[in-house]
Every structure is written in structure tokens, then in C-alpha cells.
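The values are calculated or read from the model by the stated rules, or taken from the named source; none is laboratory data. Being a predicted model, the structure only gives us computed values, none of them experimental. We place every Cβ from the backbone using ideal geometry, glycine too, and count neighbours over all the protein chains shown.
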Amino acid sequence: MPTAMFSLRSCPVVLFLFLSMLTAGETMALSISVFSGSGASSPKPPMWPDQFTSKFTVRIEKYGDNFSKPGIVYYDWNIKTLRSDFIDWCLPLFVGPEQHHNYTCSFFMADGNMYFVNHTSSTWENHDCCLFAGGLGTITPDWVKNCQYNGTAMLRGQKVDVWWFPGTPDPEKPCYGYWDRVDDHTPVQFFGLASIGPAILDYDSFQVGPPSAEMTKPVGGCSKECHPTGQGARLFDMPWPSCG
């Protein structure tokens, strides 16, 4: 499925995006318009379970084939909360050498907002937290219903359903989401956009049930606004490339 920090009004990015960092209800960069897809007979859109944990691997096209970083997404729709952890590598929101991105961070959706959490201390309660995007709340379990079915494909040795995300700059090169045909709530891969260009989230495991991670905001309420510089400073108004 496409990657962390996708900027779509009705379909997440992610995801990163991201994921986790996938969005619903509000837009970060792009407006959605619905295009007719391939004409393939569409199955019922998959739905996320109300609670799950999934490990993923981040791959960024511009960094080459050898780049891969781990992450975990925790989801609990019962409390309208999503947490995406990027482990030992954070999306480059701040100016600095490449090694300055080598720390763990989280994008945390709760209370109808998205927060950025910098893991600079040993306990969640003491992490540095700021308001990343007000009004950007947790995606709903049925978000795929806003996307277009595009048939099946073979991916990582298994047959998967393919869904694409209308509203990308080039309709001929859309972002894609891949879902397990047998266990259809399970994402297999996102291919889409991060703020630094085309990116992939490979989902390595998927476990239904209450997340084991902390799912409340760190102490302090995260009320201050984030002030990223460089790439992150232009996240809301930059021209985004196509996924292809």
C-alpha cells in the first residue's frame, strides 16, 4: 500500500505514509476527485479491524534499493487513535545532515488532530510532542471505499487485490494499495508519496487485537505547534510528484 504521509482527502497516504500517516476527512496537499478505474469487477472494499498492530518496512525510491527502515502502526478505532512509529529513522522534516534523521519518531492521530512525537527519552510520557496538523484526525476503518479497485496482481509471492487512489497529480500514475486476497483486511503494501517523493511501505506482519503500545498523548498535551524547517516546512503547499 502507499506510504507514510500521503496527502489525500479520502484515502490515506498513510501512510505513511503513511501510513500511518495516512489521512481522512482533511487534506494536507492534494484535493480528491474520483476517476473511473480499470473497469475491473470490484469486490467489497476491505476494512481495517477496529484494533490491530502491524509491522512495516519503509523504502524510499530516491535513497536507492538498499534503503529500508522498520516501523510499526498501532490502530484503535474504539478510541479514534492511530500511532505510527518510524524506528531509528524519521521522515526528514527538519534541516540537517542525513544522519540527523536517524532517530525514532511517531505520528500520532488522536482527538481529531495529528501530533509529532520525537523519541528523545526513555519513556513515552517524557517524549517531546507537538501539534503537527490540527483537524487531521484518525482514518476510519472503511477508508478504502473511497478508492478505485484495479484488479489483482502478484506481489511478494501472493495474489493480491489492487486499489488505487484518485486525486494524485497524474491519473495515469496513481498511488496503489495492495491487500491480501484471502484475509482481505490485511494490507500487503502501499506504494505512493511521502514528502520526499515516491515511497513504499511493505507490511511484514498484521495482528488483530488491542495495541500493546501507549495510545494516549504524552504528558503535556502536545499543545505547542510544530515548526519544521526545510522539506517539512513546505509540506502543505509543495507541488507533489506523481506516484509513478
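Which one is nearest to Tyr74 (Cα to Cα), of the residues in segment 105-131 that are among the charged types (D, E, K, R) and touching a strand residue (DSSP E or B) at 6+ places or on another chain (Cβ under 9 Å)? Working first, answer last.
Just the residues of segment 105-131 that are among the charged types (D, E, K, R), to begin with: 111, 125, 128.
Within this subset, residues satisfying the condition of being touching a strand residue (DSSP E or B) at 6+ places or on another chain (Cβ under 9 Å) are 111, 128.
Numbers: Asp111: 16, Asp128: 19 Å.
That would be Asp111.
Tell me which residues, restricted to segment 140-153, are touching a strand residue (DSSP E or B) at 6+ places or on another chain (Cβ under 7 Å) and on the phi < 0 side of the Ramachandran plot. Please lay out each step first, then the result.
So the first thing to find is which residues in segment 140-153 are touching a strand residue (DSSP E or B) at 6+ places or on another chain (Cβ under 7 Å), and the list is 144, 147-153.
Within segment 140-153, Val144, Cys147, Gln148, Tyr149, Asn150, Thr152, Ala153 qualify.
Criterion first (of a type outside the set (A, V, I, L, M, F, W, C), out of contact with any Cys (no Cβ under 6 Å at 6 or more places or on another chain) and at pLDDT 95 or above) does Asp50 satisfy it?
Values: of a type outside the set (A, V, I, L, M, F, W, C): yes; out of contact with any Cys (no Cβ under 6 Å at 6 or more places or on another chain): yes; at pLDDT 95 or above: yes.
Answer is yes for this residue.
Restricting to strands (runs of 3 or more DSSP E) lying wholly in segment 68-158: which have 2 or more residues that are more than 23 Å from Phe190 (Cβ to Cβ)? Outline the logic, then answer.
Details: elements: 69-76, 81-86, 105-110, 113-118, 128-133, 148-155.
Output list reads 128-133.
Tell me, please, whether a residue that is within 23 Å of Trp89 (Cβ to Cβ), outside any strand (DSSP E or B), in contact with a helix residue (DSSP H, G or I) (Cβ under 9 Å, 6 or more places away or on another chain) and not aliphatic (A, V, I, L, M) can be found in segment 179-201. Full working, then the answer.
Let us first name the residues in segment 179-201 that are within 23 Å of Trp89 (Cβ to Cβ), namely 187-201.
Of the ones still in play, those that are also outside any strand (DSSP E or B) are 195-196.
If we keep only those that are in contact with a helix residue (DSSP H, G or I) (Cβ under 9 Å, 6 or more places away or on another chain) as well, we get 195-196.
Those left that are additionally not aliphatic (A, V, I, L, M): 195.
Yes, segment 179-201 contains at least one residue that is within 23 Å of Trp89 (Cβ to Cβ), outside any strand (DSSP E or B), in contact with a helix residue (DSSP H, G or I) (Cβ under 9 Å, 6 or more places away or on another chain) and not aliphatic (A, V, I, L, M).
I'd like the full set of residues that are surrounded by fewer than 17 Cβ atoms within 10 Å (Cβ to Cβ) and part of a strand (DSSP E or B), limited to segment 54-67.
Selection gives Lys55, Thr57.
From the list Val188, Val182, Val208, Val162, exactly one residue is at pLDDT 90 or above, of a type in the set (A, V, I, L, M) and farther than 25 Å from Lys62 by Cα. Which is it? Steps first, please.
On the way: Val188 fails: farther than 25 Å from Lys62 by Cα; Val182 fails: at pLDDT 90 or above; Val162 fails: farther than 25 Å from Lys62 by Cα.
Going through Val188, Val182, Val208, Val162 in turn, the sole match is Val208.
Within segment 119-130, restricting attention to residues that are surrounded by fewer than 17 Cβ atoms within 10 Å (Cβ to Cβ) and not polar (S, T, N, Q), which residue is modelled with the highest pLDDT?
First pass over segment 119-130, keeping only residues surrounded by fewer than 17 Cβ atoms within 10 Å (Cβ to Cβ): 120-123, 125-126, 128, 130.
If we keep only those that are not polar (S, T, N, Q) too, we end up with 125, 128, 130.
Values: Glu125: 73, Asp128: 83, Cys130: 88.
Per the criteria, the residue is Cys130.
Quickly run through segment 94-118 and pick out the residues that are surrounded by 21 or more Cβ atoms within 10 Å (Cβ to Cβ) and either at pLDDT below 85 or more than 16 Å from the chain's Cα centre (by Cα) (or both). Give the derivation first.
Keep residues of segment 94-118 that are surrounded by 21 or more Cβ atoms within 10 Å (Cβ to Cβ), which gives 105-109, 114-117.
Passing the criteria: none in range.
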